[in-house]
Amino acid sequence: MPVWFLLTSFLIVVAGIPIGYRYANMGSFDVIHLILSIFLAVNVLVCFWQWCLFARRDHVGTRVQYWREEGEKIGSSASRAFMYTRLSAAQLFSLTFWSEIYSVYSVTDPAYTDKTSCGFNTDIWNGFWTFIPSVLLLVTFAYPVIPPLAVGVIGIALFHQWIFGTIMYSASFYVGEHYKSVSASDAFLFIWVINGSWILCALLGLYVSIRLILDQSYSVVGF
């Protein structure tokens, strides 16, 4: 199966379970819950990639040129070439294969081939710090058994970290002048669109976390 199909299927399952569970019990959907469920599911996937980055940090730089050439072969981007790669059974849980997501991204931002860079270390930190809180919030927003005060405090720490880390990374991309080595369209997509969406979702999560504390209930996510 192609990479894009597997990733899409993973997100549908991981986000769909809490969304479906909530609908089965509440008989309705909530927009904020939908957005945050998808966002948290994406981060669970990203955390796995970041574990792969840490485990195969010396491998990432060796594959950048390969993916640059694969993109050129199809007259498109390295990311598109990767997404249409067909997975073998052996690659399904391969740390080496999935670390190449960062080889692909390094075509745009070479920071991920530098273990001392802001981008590299921010992602490693995210992978190890945010996985468990992401799963906790994903479950709790659908099945609110933990006191809202506790969830709100965890949420503030989690979402604030995402806002701060994403802004810091985006700034380093421009201060480090990495934008000079990529097209304006790639810089717009990978920095402004993707990182901008990450910040907006984290801001929504921060708002929800504050409301959980102030309201002492889950009313902000429709309960």
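Against the chain, whose longest principal axis is taken from its Cα atoms, helix 131-140 shows a tilt of about 40°. Stretched out straight at 0.36 nm per residue, the stretch from VAL175 to LEU87 would grow longer than its current Cα-Cα span by 28.0 nm.
Modelled spin labels at VAL135 and SER9, positioned 7 Å past Cα toward Cβ, are 2.2 nm from each other. Percent of Cα pairs in the chain per distance bin of 5 Å, from zero to the largest separation: 1, 7, 13, 17, 18, 16, 12, 8, 5, 2, 0, 0.
For ALA150 and GLN216, calculate 0.36 nm times their separation in residues minus their Cα-Cα distance, and state this gained length in nm to one decimal. Don't skip to the answer; put the middle values down first.
On the way: separation 66, 0.36 × 66 = 23.76 nm, distance 0.97 nm.
Gain on stretching ALA150 to GLN216: 22.8 nm.
Round to the nearest 10 and give me the degree value, 0 to 90, for the angle of helix 31-55's Cα axis relative to the longest principal axis of the chain. With rounding to tens, the tilt is 40 degrees. Packing-based ranking of 49-58, 33-42 yields 33-42, 49-58, ordered from highest to lowest mean Cβ neighbour count within 10 Å.
The packing ranking of peptides 202-210, 80-88, highest mean first, is 202-210, 80-88, where packing means the average number of other beta carbon atoms within 10 angstrom of each residue. R0 = 41 Å: FRET efficiency of GLN65 with PHE164, Cβ-based, nearest 0.05? My answer for the efficiency is 0.80.
Distance from the alpha carbon centroid of the range 142-166 to that of the range 55-88 works out to 35 angstrom.
What is the dipole size for the chain, taken about its Cα centre, with +1 at each Lys and Arg Cβ and -1 at each Asp and Glu Cβ, in debye to the nearest 20?
240
If you plug the beta carbon distance of THR96 and TYR21 into 1/(1 + (r/R0)^6) with R0 = 25 Å, you get a FRET efficiency near 0.10. The residues neighbouring SER37, those whose beta-carbon lies less than 10 Å from its own, together hold a net charge of 0 under the Lys/Arg +1, Asp/Glu -1 convention.
Every number here is computed from the coordinates shown, using simple stated rules; none is lab data. Keep in mind the model is a prediction, meaning the values are calculated, not measured. Ideal geometry is used to build each Cβ from the backbone, glycine not excepted, and the neighbour counts take in all protein chains shown.
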